1. Determine which single condition Lys181 fails, assuming it passes every other condition in (1) modelled with pLDDT of 95 or more; (2) surrounded by 17 or more Cβ atoms within 10 Å (Cβ to Cβ); (3) farther than 27 Å from Val75 by Cα; (4) among the basic types (Lys, Arg).
2. Please go through segment 298-313 and pick out each residue that is loosely packed, with under 14 Cβ neighbours inside 10 Å and within 28 Å of the chain's Cα centre (by Cα).
3. Here are Ser85, Ser51: which of them is within 18 Å of Ser364 (Cβ to Cβ) and either out of contact with any Gly (no Cβ under 6 Å at 6 or more places or on another chain) or polar (S, T, N, Q) (or both)?
4. So which of Thr587, Thr613 ends up being farther than 17 Å from Ser454 by Cβ, among the polar types (S, T, N, Q) and crowded, with 23+ Cβ neighbours inside 10 Å?
5. Any residue in segment 487-504 that is more than 25 Å from the chain's Cα centre (by Cα), assigned to a helix (DSSP H, G or I) and buried (at least 23 other Cβ atoms within 10 Å of the Cβ)?
6. Any residue that is of a type in the set (Lys, Arg), loosely packed, with under 14 Cβ neighbours inside 10 Å and farther than 30 Å from Trp580 by Cβ - is there at least one of those in segment 210-217?
7. If you take the residues in segment 1-34 that are among the hydrophobic types (A, V, I, L, M, F, W, C) and in contact (Cβ under 8 Å) with a residue 40 or more places away in the chain, which one is nearest to Val611 (Cα to Cα)?
8. Considering each residue of segment 274-288, count those that are surrounded by 15 or more Cβ atoms within 10 Å (Cβ to Cβ) and at pLDDT 95 or above, and give that number.
Amino acid sequence: MQAPKAKKIEKKLEIHGDVRVDNYYWLNDRENKEVIKYLEDENAYTKSQLSDTDAFQKSLFEEMKSRIKEDDASVPYKYNGYWYSTRYVKGGEYPIHSRRKENIDAKEEILFDVNEMAKGYDYYNLNGLNISENNELAAFGQDVVSRRIYTIQIKDLKSGKILSDKLENTTGGSVWAADNKTLFYTRKDETLRAYQIWKHILGTPQSEDKLIFEEKDDTFNTFVYKSKSRKYIIIGSGSTVSNEYRFIPADQPNAEWTVLQPRERDLEYSIEHYGEDFYILTNKDKATNFKLMKTPVTKPGKANWVDVIPHRADTYLEGFEIFKEFLVLEERTNGLIEMNIRSWNNKINYNLPFKEEAYTAYVSTNIDFDTDVLRYGYMSMTTPNSTIDFNMKTKESEVKKEQPVLGDFNKANYTTKRIWVTARDGKKVPVSVVYKNSTKLNADTPLLLYAYGSYGATMDPYFSSTRLSLLDRGFVYAIAHIRGGQELGRPWYEDGKMLTKKNTFNDFVDVSKYLIDENYTSAKHLYAMGGSAGGLLMGAIINQAPDLYRGVVAQVPFVDVVTTMLDDSIPLTTGEYDEWGNPNDKTYYDYMKSYSPYDNIEKKSYPNMLVTTGLHDSQVQYWEPAKWVAKLRELKTDNNLLLLETNMEAGHGGASGRFESLKEVALEYAFIFKLEGITK
């Protein structure tokens, strides 16, 4: 079967006296039948090129599914007199949410069986589950098209009936006031930006709801939540470089809102309430790696903020959790998370001991304020995710659950380690590596290198049972913790955004070269994978160093950077200016244009490529990957595979069921295995 060829319609895009010609601009019309036909033709071509892997894809899917415990359940947590948990049943794609009163062994009360609710829909997502203070009402959001726009409804938990209230065009989340009838929620605008907070009274139509707050600056998003103490309802506004919060007592839903500290550019802060004070995680006073401060509720402005945990140049303060008698700090030093536990009376102060070389730890669900028990999660690339209850007074810990991996998995059969790679400018980049003990490291060893490297998102070394399908077939898997993430503190992020964005791409290429030079693999057996902004990374590395990779998987890639960032009608664009820069300014335009994957495709050889997207993606529009593939087809000079797979039903996160998404992984793995000559 011949590869599809998209027709060319010249479109000139001019700004700053510079003209770009985009022959595939026309593909951005989702309603155009020719566009849909082109995407369907590409899907048919992908299917034909991978038809020899059909049976293998099915067996990979079954293999990955067989490791997952089908009738699994979460560890229950206690909130306001009830134990809440989520469980799955055999054959069920979706969770069942339930609770038990007072005692973990009490009779189960099913709140939502999402398997029933999802019937008749290609895509279904329930979110924002939120129980009223009297435990009688549950607000929830549902999305049935994967555009991340939710309709909020309310269930009467006594009668089991869904009430008539229907709140459209929301984020799905909501907050009950203490009166059990007032609900605060967030609405989205046409670009999917969360921009308004509304107040709804139970039993009234949405048309009578009252607008409480509108975020008029389109680089900010807004949200609403309740403090852990349940004393305050808090509205937050945030951009990449600034925050603002306002609050009312939870038992006074009609009170005037108090602004905690008005927004200032480059002043970032987040808040939590304890006793008579708000505790504030902030970068105030040039605290690049953040510090913890506090201020009285009655005098919340920054003039009254005082240090609780001062700034440290070598330690990034990621978060904190407040208990009645303890303060828990989530800190990152040398790329790894530490958890520091201290009592308010200053008699106790110690770190939790973690033993592995590369691991992930995180504070888990700790809704109960008056407890000595910290619940945290732990995993590494060889240790499945564990939920642990740790008594902060006695230091006793209890593993409540380790993620079950069915079959013959034994973590002792795998090796994980952390290596440091010196990048071209001398910076040392951490890389987490995992492989089976029996895998020999040499030039013939296949290696899959993954990274993200944007928005300060940290890609910690995590466990994946699906990844075992690679490791058990002799692959090495590595995560490059490149700049643009926050693994080595806030400066690591600052050094991989805006006008230093190319450091992100250079780091990945330099790690790739190191892995080849150190005989972990060779260019014939090195594969790269990344999604969304990590897909931008894939687009940049194949322009910079195409000969380093045998194959590349780009998932929902952000590749048409300049055009997208110039179009403020596209969802989420304006909020991105502090990440990438605003191309309406020529300095940023020129810099972006110099790395934007779509604008830098040349007549040359490219690696084998699989590109995936979703027609309804709200974060990276489907036409970016589609245009990119069309232009690559036109210009590339090789005979390597170039495949575009568009999910015609789903959006940015892919399929909605817990097993359906494994089919997408099976496709990606089958593509890589085909190139490697692995057929079973």
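The values are calculated or read from the model by the stated rules, or taken from the named source; none is laboratory data. The structure presented is a predicted model; accordingly, all values stated were derived computationally and were not measured. Here the Cβ positions follow ideal geometry from the backbone for every residue, glycine too, while neighbour counts run over all protein chains shown.
1. For Lys181, the failing item is (2).
2. Ala313
3. Answer to the selection: Ser85.
4. Every option except Thr613 fails the conditions.
5. Taking segment 487-504 and keeping what is more than 25 Å from the chain's Cα centre (by Cα), we get none.
No: segment 487-504 contains no residue that is more than 25 Å from the chain's Cα centre (by Cα), assigned to a helix (DSSP H, G or I) and buried (at least 23 other Cβ atoms within 10 Å of the Cβ).
6. Yes, segment 210-217 contains a residue that is of a type in the set (Lys, Arg), loosely packed, with under 14 Cβ neighbours inside 10 Å and farther than 30 Å from Trp580 by Cβ.
7. Ala3
8. Number satisfying all stated conditions: 9.
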